[in-house]
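Remarks on the structure that follows.
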Number of protein chains: 2
Amino acid sequence: MGTKRQGRYTVMFEKPPIIRSYAAIVGEKESEGPLGAYFDTVCEDPMMGQDSWEAAEGQLQYTAVLKALDKAFLRPEDIDYLFAGDLLGQTIATSFGVMELQIPHFGLYGACSTMGESLSLASMAIDGGFASRVVAVTSSHFASAEKQFRYPLGYGNQRSLASTWTVTGSGALVLENAEECSEQAAKKCVRVHGITTGKIMDYGIKDSQNMGACMAPAAALVIASHLKDMNRKPEDYDRIITGDLGTVGQKILFELMREEGYDIEGSHMDCGIEIFDHETQDTHAGGSGCGCSAVTLCSYVMHQMEIGEWKRVLFVPTGALLSKISFNEGLSIPGIAHGVVLEKDG
Amino acid sequence: MGTKRQGRYTVMFEKPPIIRSYAAIVGEKESEGPLGAYFDTVCEDPMMGQDSWEAAEGQLQYTAVLKALDKAFLRPEDIDYLFAGDLLGQTIATSFGVMELQIPHFGLYGACSTMGESLSLASMAIDGGFASRVVAVTSSHFASAEKQFRYPLGYGNQRSLASTWTVTGSGALVLENAEECSEQAAKKCVRVHGITTGKIMDYGIKDSQNMGACMAPAAALVIASHLKDMNRKPEDYDRIITGDLGTVGQKILFELMREEGYDIEGSHMDCGIEIFDHETQDTHAGGSGCGCSAVTLCSYVMHQMEIGEWKRVLFVPTGALLSKISFNEGLSIPGIAHGVVLEKDG
């Protein structure tokens with residue numbers, strides 16, 4: 001029992017689940033960015049053939065899960081649990097998007113940290129012996145997020161330089177108990193070795209156009225706690241990857257980590273910074289949204305690990321916990337982050 | 001590994017977690033209902049001393065968790081994980097409510113099924129060896145729910161007879177690995193023996209004033225699947241307890257169960273029907289909201305089990321997956337339910 005826990009925040013798995021397959025589906029703008037070549041599917045129609053932005057986002061999730069299942073020659077009925085969520089009120093893109101799959105369902109809300117949260121719980125379900133195969137999925141859509149949190153698209157509001165651009169996309173992963181495949185096959189797979197679960201952190205920032213600043217303290221807590229819990233150094237990781245801090249949040253993260261005695265500049269990567277070319281794509285501080293870290297993980301990050309370029313990665317999606325109501329009521333924007341350790345032996 | 005799973009939907013735990021303590025906090029109307037004497041705390045101020053309905057609901061969660069911890073002589077730092085959620089967009093009552101506890105946090109969205117979802121994942125965390133002690137909590141508030149889903153309170157709209165009344169309240173439970181206490185003490189505790197996890201079910205109903213009908217198919221799926229997975233009969237349970245189907249949803253549930261070959265009329269109870277006196281409290285079809293099943297569990301249900309009146313209960317909170325946006329876009333209201341088997345040996 002006690003052996004799985006490492007300190008206050010971290011759990012290391014006894015039988016690390018393997019990532020059997022994964023898929024990333026994105027919109028056109030994302031496909032034109034630096035990671036364009038790594039995505040499975042590009043949707044040229046931002047409506048995904050649906051009648052609303054919310055339904056379009058749901059369709060992204062549905063398509064991403066089916067694609068990930070296809071790649072592993074699996075069907076929805078082979079999956080024991082689905083761990084899924086999105087940014088919208090009552091996670092409505094998820095509910096309508098994945099309904100047709102008819103998989104026993106755990107709905108999550110972790111804002112843009114959801115890919116980390118769903119991977120954490122999905123891995124627990126497998127390591128704990130409750131499931132053989134599970135799917136973790138999340139999504140975001142530029143238009144549904146703008147409608148939910150900001151201004152009508154037609155209004156054409158000016159965006160601040162600290163603001164980020166919500167990624168249109170969904171990433172899905174199939175996790176499997178390693179005992180389901182041969183030892184040799186398992187060795188070739190990326191595995192979830194552990195998780196570091198964050199707390200809600202509030203530094204009192206109220207600017208919804210500067211979410212990187214809101215989330216940086218939560219990311220710093222998870223990364224510093226993980227390194228302390230594991231008694232490791234930043235150099236023990238090929239990459240420490242945050243979700244969507246953007247260029248503004250990244251600077252704050254470096255500063256906060258220095259205060260904790262860690263220099264992570266050499267190993268840090270932020271999905272929000274990588275996904276767009278900020279010079280030519282007018283995305284300001286970076287990409288954001290649950291989909292940002294999800295599609296980056298399910299494309300470039302997994303690719304780098306599979307070719308052996310990276311052996312060990314700490315993946316830390318970051319979420320800003322605001323709603324239209326909390327913002328209008330003048331509340332601050334707390335943040336949360338969920339860390340996942342990915343490793344490949346072979 | 002395979003031994004924990006029972007069929008497609010059910011998992012039975014090897015080391016069933018004990019319910020170490022629990023607390024229910026409610027508003028004045030709930031305290032005047034038939035279960036009034038069982039609640040720990042009654043808040044006479046519906047604003048809970050806060051500035052908004054959302055903050056009031058958050059304060060309900062905070063108070064319920066602290067009360068449950070107090071009853072077990074525990075502090076927030078003794079808790080490994082918090083599994084929490086509510087009905088509001090971006091689960092904002094939860095984020096602001098429990099933030100101060102500073103417990104590693106998994107945010108959930110299962111609409112009014114959240115108490116079942118949080119108990120399921122919390123139990124997995126303990127049986128899987130990932131945590132020694134965890135808290136599961138959820139809440140709802142009449143005023144924050146009306147504001148989110150229906151009409152401004154001052155508008156004084158007429159309510160349909162099929163409609164339910166959102167419960168103002170929060171229920172919190174502390175779950176513990178039984179190895180943390182003596183065998184004798186564990187025997188005296190109610191334990192979570194297993195879970196049956198639901199899928200999203202959509203019968204195409206669009207009437208947000210009739211949520212019982214929207215959720216009944218999801219409840220029927222979980223109850224029938226559980227009985228099949230376990231090869232048991234309804235009579236094997238002292239009570240089969242749904243969350244907030246109300247009188248209208250209950251009739252549909254009985255019908256759907258009969259189609260599956262089960263008569264559950266003798267053992268069924270619905271928290272929404274029990275919590276108010278519908279003749280005198282003008283609550284129409286019953287109570288609803290995440291708080292409805294949560295406070296009924298953390299008061300009357302746990303009391304009946306602790307005094308040995310009930311030995312085995314199937315607790316099945318039910319959720320209606322709608323948002324203001326999905327409703328305004330003319331979509332149907334799918335449902336989901338999460339089943340939890342509670343047993344007391346001693």
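The condition of being away from chain A (no Cβ under 14 Å), surrounded by 21 or more Cβ atoms within 10 Å (Cβ to Cβ) and among the aliphatic types (A, V, I, L, M) holds for only one of B:Leu314, B:Leu321, that being B:Leu314. Entry remark, segment A:1-49: residues being of a type outside the set (A, V, I, L, M) and not in a loop (DSSP other than H, G, I, E, B) number 15 in total. Among the residues of segment A:243-293, the one identified as farther than 28 Å from A:Lys233 by Cα, β-branched (Val, Ile, Thr) and crowded, with 24+ Cβ neighbours inside 10 Å is A:Thr283.
Put simply, of B:Phe96, B:Phe106, B:Phe130 the only residue that is assigned to a strand (DSSP E or B), of a type outside the set (Asp, Glu) and assigned by TED's automatic domain parsing to the domain that holds B:Gln61 is B:Phe106. Here the condition is being among the small types (Gly, Ala, Ser) and in contact with a Ser or Thr (Cβ under 7 Å, 6 or more places away or on another chain); of B:Ala24, B:Ala111, it holds for B:Ala24 alone.
Any idea which of A:Ala64, A:Ala131, A:Ala93 is away from chain B (no Cβ under 11 Å) and aliphatic (A, V, I, L, M)? Residue meeting the stated conditions: A:Ala64. Among the conditions (1) out of contact with any helix residue (DSSP H, G or I) (no Cβ under 9 Å at 6 or more places or on another chain); (2) at pLDDT 95 or above, A:Gly107 misses just one, which is (1). Of the residues that make up segment A:71-80, is at least one more than 30 Å from B:Gly128 (Cβ to Cβ), of a type outside the set (A, V, I, L, M) and part of a helix (DSSP H, G or I)? Within segment A:71-80, none of the residues are more than 30 Å from B:Gly128 (Cβ to Cβ), of a type outside the set (A, V, I, L, M) and part of a helix (DSSP H, G or I). Among the residues of segment A:77-90, the one identified as within 23 Å of B:Gly330 (Cα to Cα), touching a strand residue (DSSP E or B) at 6+ places or on another chain (Cβ under 8 Å) and within 7 Å of chain B (Cβ to nearest Cβ) is A:Gly85.
Hey, any hits in segment B:167-175 for a residue that's crowded, with 24+ Cβ neighbours inside 10 Å, in contact with a His (Cβ under 7 Å, 6 or more places away or on another chain) and in the same structural domain as B:Ser31 (by TED's automatic domain parsing)? Yes, segment B:167-175 has at least one match. In summary, B:Leu227 fulfils each of the numbered conditions (1) under 27 Å from B:Ser163 (Cα atoms); (2) crowded, with 21+ Cβ neighbours inside 10 Å with the single exception of condition (1). Flag: A:Ser120 does not match the condition of being under 25 Å from B:Ser326 (Cα atoms) and outside any loop (DSSP other than H, G, I, E, B).
List the helices (runs of 4 or more DSSP H) that sit entirely inside segment B:253-346 and contain at least 2 residues that are touching a strand residue (DSSP E or B) at 6+ places or on another chain (Cβ under 7 Å) and hydrophobic (A, V, I, L, M, F, W, C). Outline the logic, then answer.
Values: elements: B:271-275, B:290-296, B:302-306, B:324-328.
Hits in segment B:253-346: B:271-275, B:290-296, B:302-306.
Exactly one residue out of B:Ser139, B:Ser118 is in contact (Cβ under 8 Å) with a residue 40 or more places away in the chain and more than 7 Å from chain A (Cβ to nearest Cβ): that is B:Ser139. A count restricted to segment A:96-115 and to residues that are more than 7 Å from chain B (Cβ to nearest Cβ), over 14 Å from the mean Cα position of the chain (by Cα) and of a type in the set (Gly, Ala, Ser) stands at 1.
The values are calculated or read from the model by the stated rules, or taken from the named source; none is laboratory data. Since we're looking at a predicted model, the values are computed, not measured. Cβ atoms come from the backbone with ideal geometry, glycine included; neighbour counts cover every protein chain shown.
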